[in-house]
Amino acid sequence: MDISVIVPLFNEEESLPELFAWIKRVMSEHGFSYEVIFVNDGSTDRSWDVIDDLCRQNAEAKGIKFRRNYGKSPALFCGFKEAKGDVVITMDADLQDSPDEIPELYRMVKEDGYDLVSGYKQKRYDPLSKTIPTKLFNATARKISGIKNLHDFNCGLKAYRHDVVKNIEVYGEMHRYIPYLAKNAGFTKIGEKVVHHQARKYGKSKFGLNRFINGYLDLITLWFLGSFGRKPMHVFGFLGSIMFILGFVAVVIIGIDKLIALSHGIPQRLITDSPYFYISLTTMMIGTQLFIAGFLGDLISRSSQGRNDYQIEKTLKTENI
């Protein structure tokens with residue numbers, strides 16, 4: 001099969017027939033073999049009834065229904081699990097992503113050799129309250145992830161080589177950082193394509209401003225796991241050691257200052273009356289706690305079942321003759 005199209009959705013009953021008809025027309029014009037996997041993320045409208053009708057009338061249509069709303073990342077995870085196409089395309093169900101982009105995205109993966117191609121909605125039909133935070137968010141994501149050529153990490157329209165979706169785990173709200181997940185999994189050929197963005201035709205957006213706050217927190221988590229997930233002692237142990245040494249040196253300096261004052265007969269208040277003494281002790285205690293946290297994290301990491309899960313692309317073996 002050439003292409004799997006995965007469409008996560010929540011309350012999009014009006015747009016689904018039009019979206020599927022559009023995808024079907026594009027696929028027929030270019031002679032692709034394909035499947036369209038609709039993942040119904042606990043919709044409360046008639047979305048599942050519409051998907052059921054499409055599946056009955058079209059062999060290419062498939063549906064997955066969640067009992068409740070879990071979010072876009074779980075929907076993509078389940079869609080990736082079911083996908084069989086050589087190239088996997090994801091797009092939103094609100095008709096803001098154009099299926100006419102599919103042939104070029106497919107070509108970039110199959111002919112240009114990209115592991116992942118992310119859409120870039122250069123001209124957006126969104127209010128400033130959404131576009132300005134999006135620009136700041138993407139600038140931060142580029143800096144932390146090191147993927148300098150992407151301008152729109154959260155674009156729903158993406159194309160993946162089959163191996164990519166089978167070797168990454170999308171969980172929580174990490175769908176925003178799939179390119180970063182792919183990079184951490186060893187798929188480094190990541191490209192971008194400017195895509196057409198259309199104004200929403202039906203309904204309203206399901207995302208609020210809280211996604212930007214959650215997005216930054218998820219980005220920090222992903223950065224830490226990617227950098228220190230298998231070696232937490234390297235960061236906690238280092239910070240703990242630095243803080244303990246600073247606190248210890250400060251206590252020694254306070255003690256030496258007291259001894260010098262006493263040797264010269266200079267009146268000096270008790271060390272325990274100095275706020276710097278308690279600041280130094282607190283610094284040493286925090287340093288010790290950080291060191292212990294790193295040690296425990298290392299123990300947990302070493303006992304994890306996935307500690308030796310590595311991305312192996314190829315294995316060569318010489319047969320004995």
Name every residue in the range 268-281 that is of a type in the set (A, V, I, L, M) and either closer than 29 Å to Phe236 by Cα or open to solvent by 70 Å² or more (accessible area, probe 1.4 Å) (or both), in order of residue number. Leu270, Ile279, Leu281
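Can you confirm whether Glu173 is open to solvent by 50 Å² or more (accessible area, probe 1.4 Å), within 15 Å of the chain's Cα centre (by Cα) and at pLDDT 85 or above?
Judged against the criteria, Glu173 is not a match.
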Scanning the range 152-190 residue by residue, those touching a Lys or Arg at 6+ places or on another chain (Cβ under 9 Å), more than 21 Å from Tyr70 (Cα to Cα) and of a type in the set (Gly, Ala, Ser) turn out to be Ala159
Can you confirm whether the range 282-289 contains a residue that is modelled with pLDDT of 85 or more, aliphatic (A, V, I, L, M), exposed (fewer than 15 other Cβ atoms within 10 Å of the Cβ) and under 35 Å from the mean Cα position of the chain (by Cα)? yes
Out of all the residues in the range 290-306, is one or more surrounded by fewer than 10 Cβ atoms within 10 Å (Cβ to Cβ) and modelled with pLDDT of 70 or more? no
Within the range 111-191, which helices (runs of 4 or more DSSP H) (wholly inside it) include 1 or more residues that are of a type in the set (Ser, Thr, Tyr)? 128-145, 178-184
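Being assigned to a loop (DSSP other than H, G, I, E, B) and aromatic (Phe, Trp, Tyr) is the requirement here; does Phe38 meet it? First the steps, then the outcome.
Numbers: assigned to a loop (DSSP other than H, G, I, E, B): no; aromatic (Phe, Trp, Tyr): yes.
In short, no.
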Residue within the range 241-255 that is at pLDDT below 90, farther than 30 Å from Asn184 by Cα and open to solvent by 100 Å² or more (accessible area, probe 1.4 Å) present: yes
Has the range 96-117 got any residue that is within 17 Å of Phe38 (Cα to Cα), surrounded by 15 or more Cβ atoms within 10 Å (Cβ to Cβ) and either of a type in the set (Asp, Glu) or in contact with a Cys (Cβ under 9 Å, 6 or more places away or on another chain) (or both)? yes
Members of the range 30-82 found to be open to solvent by 70 Å² or more (accessible area, probe 1.4 Å), without any contact (Cβ under 8 Å) to a residue 40 or more places away in the chain and among the polar types (S, T, N, Q), listed by number: Thr44, Gln57
Which number in (1) at pLDDT 85 or above; (2) outside any helix (DSSP H, G or I); (3) touching a Phe, Trp or Tyr at 6+ places or on another chain (Cβ under 8 Å); (4) within 16 Å of Lys72 (Cβ to Cβ) marks the one condition that Lys206 misses? (1)
Looking at the range 186-202, which of its residues are at pLDDT below 90 and closer than 20 Å to Met108 by Cα? Gly186, His196, His197
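The values are calculated or read from the model by the stated rules, or taken from the named source; none is laboratory data. Bear in mind that the values here come from a model prediction, so they are computed numbers and not experimental data. Cβ sites come from the backbone with ideal geometry, for glycine too, and all protein chains shown count toward neighbours. Keep in mind that these areas ignore ligands, DNA and RNA; they rest on the heavy atoms of the full protein, side chains included. Shrake-Rupley method; radii C 1.70, N 1.55, O 1.52, S 1.80 Å.
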